[in-house]
Amino acid sequence: MLESIKTFASHFFVTGDPMIYGADASIVLVTVAILFVLTYFKKWRWLWDEWLTTVDHKKIGIMYALAAILMLFRGGVDALLMRTQLAFPNMHFLQAEHYNQIFTTHGTIMILFMAMPLMFAFFNIVVPLQIGARDVAYPYLNAVSFWLFFFGAMLLNLSFVIGGSPDAGWVSYPPLSELAFDKGPGENFYLLSISISGIGSLATGINFMVTILKMRAPGMKLMDMPLFTWSILATCIIIIFAFPVLTIALALLFIDRLAGAHFFTMLHGGNPMMFINLFWMWGHPEVYIVVLPAFGIYSEVVSTFAKKRIFGYKSMVASMMLISIISYFTWTHHFFTMGSGADVNTFFAISTMAIGVPTGVKVFNWLFTMYRGRIRLTLPMLWTIAFVPCFAIGGATGVMLAVAPADYQYHNSYFLIAHFHQVLIGGVVFGYFAGLYYWWPKMFGHVLNEKLGRWSFWFWNIGFYVCFMPQYALGFMGMTRRLYTYPHGLGWSSLNLVSTIGAFMMGIGFLFQGAQILHGIKFGKRDTTGDPWDGRTLEWSLPSPAPHYNFATIPQIKGRDAWWTMKEEMKQPGYKKEPVHIEPIHMPKSSGRPFIMSVFFFIAGFGLTFDWIWMGVIGAIGVGITLLARSFEYDTDYYVPVDEIERTEAALGRL
Amino acid sequence: MAEVISQPVGHQHGHDHAHGHVDQESLKILGFWIFLVTDCLLFGTLFATFIVLRTHTDGGPTGKEIFDIPTFIAETFILLTSSFTSGLATLEMRKNNGSVQRLIGWLIVTWILGAAFVGLEIKEFTHLALDGATISRSAFLSGFFTLVGTHGLHVSVGLIWMLALMIQVGRYGFTAVTKRKIYIVGLYWHFLDAVWIFLFTVVYLIGVM
Ligand code: HEM
Ligand SMILES: [Cu+2]
């Protein structure tokens, strides 16, 4: 009996590495600490009522943002571990197998559990406010999406201490990821966690597409929408068309592993290339899913801090739409070397280069907007300016990679690693940082410290170039990706050391941001106006943070830059404030079910990870019951009474 | 679709869009249409996989050997009929003097046909598996079971859903909410019918040819 428990435990818990025992200990400690604090300060009720059951899009957005920042930390620690291992030749800091697990979790977490949720945070925090809506189209579904993401991310993170992490790369190519070559539960963790959170992402795509199309304030035509909202619309279209393909690719691989099917195996007629095609049919559009919102953020930031209308609005919209279409026709550039022949490679090489054209249009529009503007170098603006050269270099190396014959040289080398980090960090992460600084006052009601922010900015930026420029050279010198160690005498040592130093500089930059957040909580300057940047779009017409019903009265829109136009009107000599006429507001009720349903998804996912069918069935039944319970629920909304609105508005000094 | 959206089913209280009120029921119908687009892509991907793998039988049984013509013709006939009866149910709801009883009656007919379809499919699958044509025999069979099975799973979910809605209409009669739900489940059912027509052609007809 005791023996069998022991063997089970040693299979169930990851053992044998001091780092993992450290993680075990810290997970237990942090959990105990959280439980203690919540109990001691009697915060359980508050946590449940205010956060776990909320359907308020602004709160959901904040939870997305916090979870994503934590995941950035986790993915960043992974990155530093890898760079430490590569700092010197013949290092023995990490075992080969451990290195595989770390680059897999790093890639997966950064793309799916950091960039995606941070993007959804902006969807939630900004879009309804920007279009003058009281809510999203489906608030309940929105909460479901968040909790699915959250429990999907939990499932993946658990793999570090229970069962073992996935180690077949974030792309998880078969046959390497098939049962025959990858027994452990790690790969199942990968497949199930992404599938669960993927359902949520797809629902978010539908939710915000309908929100943008149907919930805009009266008078706001499509061509009056702020560019950020446009970028979200383009993103939603890509999500709707790309995510089903990922779902199927992962499901088929899982069926191979669980039921012994032969979609992607080497034997019995399976075809591994099928998976790789499907994966990148989602994977390439995915990079535009995460970068388009960043483009939207740059547009908002540039026009606010240059105090000008955005230059070339229509071409901005057109280029985003073009990008969202062309992004489907480039996926094969991820495997030019597969041997599909010159014709196919030529087509995809050209389509890949073609995507540079609309992107270039956008960069020029941002530059023209800045030209002769009254530029204020705030933190969001600094990150935007830093983005331009970084993304330009990243784009140029991308075109180099798109030259199919040349790609036979660069493929899977460090050149590629440097390229995609340059566009992902320089394009996506810089953009999201700009967005966080920009909308932070709207989220929390205070402005972050500039000085700490500038330290962080310089550490991140200098660190970035120190880290990734040497990697281009290393790629040319023959260093391949996913390499866990290398011998002396290849001439790679000093470049690798420099690169690692750069990575740690970025880590320091991140610490400054942590300090900035803590400083903000304690000393942050209150934003009492609701419009700290002298903004142009509707979210700045509201108090910071906005009341839960957003707009006491829905504004009437008369054109682009709605709030700016209103401010200009108010400055007119004869301007008379219209009397506010408040009516009861229709709002959705909070519900604990999205949380509970996602717990059942988690239970099902955890069970299937270990091939415990019974547990999978229990989870699935739980999901079914919660769905049915929702179907039988008719009392889902309520009205906020007029006197409550009046009290709130009066307290905010708005009446 | 445009017609449904502009004239939402059972529009009850007069709305004033200028006050930020959006009609909840037509919003949900629009969302469901977009969901169907994603479901189309899902099936499209499965079809693509199946088409690539349909000749990869690895020496195992081919479609010609295992597909039973009377069974899949019967399945087709039953599902098409159920689509028609579900249409009659929706029609009943949209009539001015429609009755809840008749609506539930048509839904029950639809339900029985749907259940018969699922039953036939389960029978077909078990037969195949007992003859050694399992999901792990060849890539072709993996594709077959997954594609057809996914459709069958959709139909089964639809059956549970329809049961829940019958109870709700029985309890509340025709309201804006129940009407929207009946409309959506009908849409879903027709969609599954359309997918089956592709399945019938691509998997079974071409398979036995
Ligand atoms: C913050 C600084 C970062 C550093 C120092 C860093 C470093 C690394 C390193 C050392 C690797 C492994 C290369 C190899 O051995 O093949 C890697 C892989 C990867 N990184 Fe990062 N990274 C950073 C940020 C990011 C971000 C922000 C993203 C995405 C948004 C990202 C996405 C990826 C992906 C997708 C892989 C490939 C994983 C695989 O091969 O399966 N990284 N990174
Ligand atoms: Cu690509």
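Here, each number is a calculation from the coordinates, and none is a lab measurement. In this text the structure is predicted, and so the values were computed from the model without any measurement. Quick reminder, even Gly has a Cβ in these numbers, built from the backbone with ideal geometry, and neighbours come from all protein chains shown.
Structure notes:
- Nearest-0.05 FRET efficiency for residue B:116 and residue A:11, computed from C-beta distance (R0 41 Å): 0.35
- Value at 222 nm in deg cm²/dmol, rounded to 500, when DSSP H runs of n ≥ 4 in chain B each add -39,500 (n - 2.57): -25500 deg cm²/dmol
- Largest first, the three principal axis extents of the alpha carbons in the range A:142-198 are 38, 22, 14 Å in whole numbers.
- The 3J(HN,Hα) values that the Karplus relation (6.51, -1.76, 1.60; θ = phi - 60°) gives for the range A:357-367 are, in residue order, 5, x, 5, x, 3, 5, 4, 5, 4, 5, 5 Hz. Gly and Pro appear as x.
- Segment residue A:176-residue A:307, extension gain: residue separation times 0.36 nm, minus the distance between their alpha carbons: 41.8 nm
- Derived scalar couplings between HN and Hα for the range A:179-194 equal 4, 4, 10, 8, 5, x, x, x, 5, 5, 3, 4, 4, 6, 5, 5 Hz in order, rounded to whole Hz, by the Karplus curve 6.51 cos²θ - 1.76 cosθ + 1.60 (θ = phi - 60°), x for Gly and Pro.
- Cα-based shape type of the protein assembly as shown, given that a ≥ b ≥ c are square roots of the gyration tensor eigenvalues and the cut on a/c is 1.5: oblate
- Estimated [θ] at 222 nm from DSSP helical runs (n ≥ 4, -39500 (n - 2.57)) normalised by residues in chain A, nearest 500: -22000 deg cm²/dmol
- Ordering B:70, B:31, A:488 by Cα displacement along the dipole of the protein assembly as shown toward the positive end leaves B:31 in first place; charges were set at the Cβ atoms of Lys, Arg (+1) and Asp, Glu (-1).
- Measuring r between the beta carbons of residue A:66 and residue A:458 and using R0 = 35 Å, the FRET efficiency lands at 0.90.
- Sorting A:390, B:40, A:236, A:467 by the number of Cβ atoms found within 10 Å of their own Cβ, with the fewest placed first, yields B:40, A:390, A:467, A:236.
- Rg and Dmax of the range A:101-214, both derived from C-alpha coordinates alone, stand at 16.3, 54 Å.
- Pairwise Lys count, chain B - Cα closer than 24 Å, eight or more residues apart or different chains: 6
- With both labels modelled 7 Å from their Cα along Cα-to-Cβ, the residue B:194 to residue A:371 distance reads 4.8 nm.
- Rough spin-label spacing in nm, given labels placed 7 Å along Cα→Cβ, for residue B:102 and residue A:354: 5.4
- Once the Cα-Cα distance is subtracted from the 0.36 nm per residue extended length, the residue A:51 to residue A:644 segment shows a gain of 211.4 nm.
- Between the range A:162-234 and the range A:424-488, the Cα center-to-center distance that results, in Å: 23
- Of the trypsin sites (Lys or Arg not before Pro) found in the range A:562-620, those in coil by DSSP whose Cβ has at most 12 other Cβ atoms within 10 Å are A:576, A:577.
- Modelled spin-label separation between residue A:631 and residue A:328, with each label point placed 7 Å from Cα along the Cα-to-Cβ direction: 3.1 nm.
- Cα gyration tensor shape of the range B:46-108, rounded if a/c is under 1.5, else prolate or oblate by comparing a/b with b/c: prolate
- Compactness of the range A:388-465 as Cα Rg over 2.2 N^0.38 Å, two decimals: 1.41
- With R₀ set to 35 Å, the beta-carbon distance separating residue A:494 from residue A:519 gives a calculated FRET efficiency near 0.40.
- Remark on residue A:640: its backbone amide H falls under 5 Å from those of A:585, A:586, A:587, a criterion applied only to residues 5 or more positions apart or on other chains, H modelled at 1.01 Å from N.
- Intensity falloff of chain B expressed as log10 I(q)/I(0), Debye formula with alpha-carbon point scatterers, at q = 0.09, 0.13, 0.18, 0.19 Å⁻¹: -0.42, -0.77, -1.20, -1.29
- Sorted by Cβ neighbour density within 10 Å, fewest at the top, the residues A:504, A:150: A:504, A:150
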